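The values are calculated or read from the model by the stated rules, or taken from the named source; none is laboratory data. Since the structure is predicted, the reported quantities are computational estimates derived from the model, not experimental observations. Quick reminder, even Gly has a Cβ in these numbers, built from the backbone with ideal geometry, and neighbours come from all protein chains shown. All accessible areas refer to the heavy atoms of the entire protein, side chains included, with ligands and DNA or RNA removed. Shrake-Rupley method; radii C 1.70, N 1.55, O 1.52, S 1.80 Å.
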Amino acid sequence: MTLKGKAAVVTGSTSGIGLGIARALAGAGADVVLNGFGDAAEIETIRAGIATEFGVRATYHGADLSKPDEVKALADHAAAEFGRVDILVNNAGIQHVAPVDEFPAERWDAVIAINLSSVFHGTHHVLPGMKQRGWGRIINIASAHGLVASANKSAYVAAKHGVVGLTKVVALETAGTGITCNAICPGWVLTPLVQKQIDALAANKGLSGDEARAELLGAKQPSGDFVTPEQLGAFAVFLCTPAAAQITGSALSMDGGWTAQ
Ligand code: NAD
């Protein structure tokens with residue numbers, strides 16, 4: 001229980017990677033604030049399940065992270081419930097796939113707001129408390145697309161490269177204070193966000209689900225296998241341990257070899 005007594009906020013943790021990370025942090029003893037969209041009853045089942053399974057406090061706040069005042073409300077909720085935010089995992093994200101000349105401006109704004117600006121706003125609100133306590137972990141879930149590009153993902157690639165840049169600035173501004181800030185850059189993870197892209201590929205090319213999954217992995221991820229939310233959760237927990245105290249400002253790949261090419 002290395003994180004007992006710590007309080008964590010994980011954005012976008014009602015599903016996918018965020019849920020895997022929230023479960024892993026709770027498994028290490030941290031109290032957690034969940035956030036994200038979804039069916040209220042299902043979210044309550046997830047929240048209560050985490051609290052019972054791991055013997056920690058778990059709360060939920062439904063902030064829409066495309067809105068700066070709601071990001072503040074999420075930070076305020078965490079401070080009111082736990083008196084502190086020790087670990088902030090900026091994970092919430094969306095995708096939109098279209099060539100630049102057909103990319104709807106409204107989708108560009110939404111991707112930048114959720115995938116990039118919310119990382120700034122959340123960090124802005126939790127840093128003063130972390131500095132006061134002399135300890136903090138900010139973990140930004142960027143992407144292989146924070147390091148390299150793919151066609152048709154202009155907003156996502158721009159936002160994720162932005163997250164990697166912001167991570168470096170926060171790391172420099174907090175160096176030596178007991179706070180670290182890193183970006184994790186996953187390759188393909190089989191979550192609802194990626195399932196949508198597999199479904200679109202299957203529909204476009206007349207492939208079965210299995211064929212589309214294999215084609216998606218084959219195009220980018222040499223390992224031929226998905227990264228899992230559990231592996232990312234374990235990586236996030238590691239970044240919160242004393243062994244990781246000197247890792248800061250890094251863009252850390254977990255991508256089955258995607259960006260080694
Ligand atoms: P997901 O769709 O399973 O989960 C996204 C989460 O974000 C959900 O909880 C959703 O409710 C929440 N969310 C979406 N919009 C929100 C908003 N406006 N306000 C608050 N919450 C919101 O997706 P995922 O694949 O788990 O992605 C999580 C993060 O990991 C994203 O930042 C994504 O870019 C990144 N990522 C995913 C992959 C992948 O292959 N799945 C790879 C690299 C990076």
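Work through the residues other than Cys181 whose Cβ is under 15 Å from its Cβ and net out their charges, Lys, Arg +1 and Asp, Glu -1. Let's see the in-between values first.
Numbers: positive: Lys131, Arg137, Lys168; negative: Asp86, Glu173.
Spelling it out: positives minus negatives among the neighbours equals +1.
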Expressed as a percent, the accessible surface of the chain that is carbon or sulfur, using a 1.4 Å probe and the full set of protein chains, is 57 percent
Per residue, accessible area of the stretch 213-261 with a 1.4 Å probe, heavy atoms of protein chains only, in Å², comes to 50 Å²
To the nearest 10 degrees, the tilt of helix 68-82 (Cα long axis) against the first principal axis of the alpha carbons of the chain is 40 degrees
The relative contact order of the chain, taking Cα pairs under 8 Å that sit 6 or more residues apart, comes to a percentage of 20 percent
The set of residues whose placed amide H lies less than 5 Å from the amide H of Thr59, leaving out same-chain residues fewer than 5 positions away, is Val32, Val33, Leu34
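If you rank Asp225, Asp64 by how much accessible surface each has, with a 1.4 Å probe, what is the order from largest down? Don't jump to the answer; show the numbers that get you there.
On the way: Asp225 100, Asp64 35 Å².
From most exposed to least exposed: Asp225, Asp64.
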Long-range amide H partners of Gly38, meaning residues 5 or more apart or on another chain whose placed amide H is closer than 5 Å, are none
Mean Cβ-within-10 Å packing, highest first, puts peptides 168-181, 145-158, 83-96, 41-54 in the order 83-96, 145-158, 168-181, 41-54
Env charge @ Gly218, Cβ radius under 14 Å, K,R +1 / D,E -1, value -1
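So, with +1 on the Cβ of K and R and -1 on the Cβ of D and E, and no other charges, what is the size of the charge dipole of the chain about its Cα centre, to the nearest 20 debye?
Dipole about the Cα centre, nearest 20: 800 debye.
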Rounded to the nearest 10 Å², the 1.4 Å probe accessible area of Val97 is 80 Å²
In degrees rounded to 10, the 0-90 angle between helix 229-239 Cα long axis and the longest Cα principal axis of the chain is 40 degrees
